[in-house]
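The values are calculated or read from the model by the stated rules, or taken from the named source; none is laboratory data. Please read these numbers as outputs of a predicted model, since none were measured by experiment. Methodologically, a virtual Cβ is constructed for each residue, glycine included, from the backbone with ideal geometry; neighbour enumeration extends over all protein chains shown. We work out accessible area using only protein heavy atoms, side chains counted, and drop any ligands, DNA or RNA first. Shrake-Rupley method; radii C 1.70, N 1.55, O 1.52, S 1.80 Å.
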Amino acid sequence: DDYGHECGDVVLKKVAECFQRHLEECDGYAVRWGGEEFLLVFAGLDEKQAFSKTETILAGIQKMKVTYGEKEVSVTMTFGVAEYRKDETIERLVKRADDSLYKGKAHGRNQVIGGL
């Protein structure tokens with residue numbers, strides 16, 4: 001919001017590159033879920049493994065520097081992690097991940113939260 005839509009587009013491209021780099025290693029993928037929300041899917045990983053992978057992705061994002069004009073923009077992200085439970089609806093799974101995300105945002109941001 002501080003830098004405008006054009007800067008936001010540059011940030012989104014850099015974040016997408018980071019996601020792609022890390023998700024290719026585990027047969028995962030990312031989709032844009034909302035304006036500035038993403039849904040990451042890790043095929044074949046349990047919650048502990050997905051949590052660890054997400055922490056690695058966050059570390060990559062934290063190290064990332066985005067240059068826009070003459071400004072260097074730091075990027076932060078908060079992630080909520082949830083593992084699919086037998087017979088769970090996709091809506092419920094996403095809701096649990098979203099609940100973790102908002103817990104992380106309420107408790108300092110720029111972190112990975114799971115276990116809900």
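Details
- For the stretch 67-95, the tally of residues that are part of a strand (DSSP E or B), among the β-branched types (Val, Ile, Thr) and closer than 19 Å to PHE38 by Cα stands at 1.
- Residue within the stretch 12-33 that is open to solvent by 60 Å² or more (accessible area, probe 1.4 Å), in contact with a His (Cβ under 9 Å, 6 or more places away or on another chain), closer than 24 Å to THR67 by Cα and assigned to a helix (DSSP H, G or I) present: no
- In the stretch 96-114, the residues that are within 12 Å of PHE51 (Cα to Cα) and free of Cβ contacts under 8 Å to residues at least 60 places away in the same chain form Cβ pairs under 9 Å with partners that are aromatic (Phe, Trp, Tyr) and open to solvent by less than 30 Å² (accessible area, probe 1.4 Å), at six or more places apart or across chains, as follows: ALA97/PHE79; SER100/PHE79; GLN111/PHE79; ILE113/PHE79.
- Subset of the stretch 37-65 (residues that are more than 10 Å from the chain's Cα centre (by Cα), under 22 Å from ARG109 (Cβ atoms) and touching a residue at least 24 places away in the same chain (Cβ under 8 Å)): GLU47, ALA50, PHE51, LYS53, THR56, GLY60, GLN62, MET64
- Of all residues in the stretch 1-11, those satisfying the criterion of being open to solvent by 50 Å² or more (accessible area, probe 1.4 Å) and free of Cβ contacts under 8 Å to residues at least 40 places away in the same chain are ASP1, ASP2, HIS5, ASP9.
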